[in-house]
Amino acid sequence: MTKKEQLHNGKLYICNDKELFEEQARYMEILYDFNHCRPSETAKRQELLKKFLAEVGDNCHIEPPLHANWGCHTHMGKNVYANFNLTLVDDTHIYIGDYVMFGPNVTIATAGHPILPELRKRDHPLQFNVPVIIEENVWIGAGVVVLPGVTIGENSVIGAGAIVTKNIPPNVVAAGNPCRVLREINEHDRMYYYKDKKIDVR
């Protein structure tokens, strides 16, 4: 098994490998260029995203700065919007569906380290990675942290500041630390978009 393959099998591996660092560094150069584009250079940003991410669909807009461990393990559908400071700890795969929206300062983490102290206090620290899946049309509020192995079901809304430790089903509103389902999306949401403010889209 190659060092790169070890990133994706969910098992413990030594995470300070020189070969991996050298490959990672190439993606960091692309990320640096993306984050230093002028606001008017939208076409250049799009080209850099295509080089940086594993997949990126049409009409995606990522506000810089973007932060990522790799970039090349993140798969992004079409019409994705991410506000400032999206952080992708994509040591293994992150799958982001179409029409997903991220508020500012969201972190999606696929990587973790053992709880057992002896496995962290070593010259060659150990790590494991588990994929994250964010299905179509999810809205993730400001400051949310999504932890390794989580799937968020389509159409769901994750409230600002939530720490998502477990899977969230589709078509619900969830929030809190740890994040939990508050309610299903319902008929009230067809009438009101925020508190007592009625939907009036023409």
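The values are calculated or read from the model by the stated rules, or taken from the named source; none is laboratory data. Small disclaimer: the values here were computed from a predicted structure and weren't measured. Cβ atoms come from the backbone with ideal geometry, glycine included; neighbour counts cover every protein chain shown.
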Output for the stretch 55-76, where each listed residue is on the phi < 0 side of the Ramachandran plot and in a loop (DSSP other than H, G, I, E, B): Gly57, Asp58, Cys60, Glu63, Pro64, Pro65, Leu66, Asn69, Trp70, Cys72, His73
Can you tell me which residue in the stretch 82-99 is surrounded by the most Cβ atoms within 10 Å (Cβ to Cβ), limited to those that are under 15 Å from Asp58 (Cα atoms) and more than 8 Å from the chain's Cα centre (by Cα)? Ala82
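Only one of Lys11, Lys3 is touching a residue at least 24 places away in the same chain (Cβ under 8 Å), surrounded by fewer than 15 Cβ atoms within 10 Å (Cβ to Cβ) and under 16 Å from His93 (Cα atoms); which?
Going through Lys11, Lys3 in turn, the sole match is Lys11.
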Flagged in the stretch 152-181 as out of contact with any Asp or Glu (no Cβ under 7 Å at 6 or more places or on another chain) and polar (S, T, N, Q), in numbering order, are Asn155, Ser156, Thr165, Asn167, Asn177
Out of the residues in the stretch 30-81 that are among the charged types (D, E, K, R) and out of contact with any strand residue (DSSP E or B) (no Cβ under 8 Å at 6 or more places or on another chain), state the one that is surrounded by the fewest Cβ atoms within 10 Å (Cβ to Cβ). Arg38
For the stretch 77-105, name all the residues that are assigned to a strand (DSSP E or B) and without any contact (Cβ under 8 Å) to a residue 24 or more places away in the chain. Tyr81, Thr87, Leu88, Val89
Given (1) assigned to a strand (DSSP E or B); (2) loosely packed, with under 12 Cβ neighbours inside 10 Å, Val201 misses just (1)
Within the stretch 174-183, is there a residue that is surrounded by 18 or more Cβ atoms within 10 Å (Cβ to Cβ), under 18 Å from Gly97 (Cβ atoms) and at pLDDT 95 or above? yes
Test set (1) surrounded by fewer than 17 Cβ atoms within 10 Å (Cβ to Cβ); (2) not in a loop (DSSP other than H, G, I, E, B) - Ile133 fails condition number: (1)
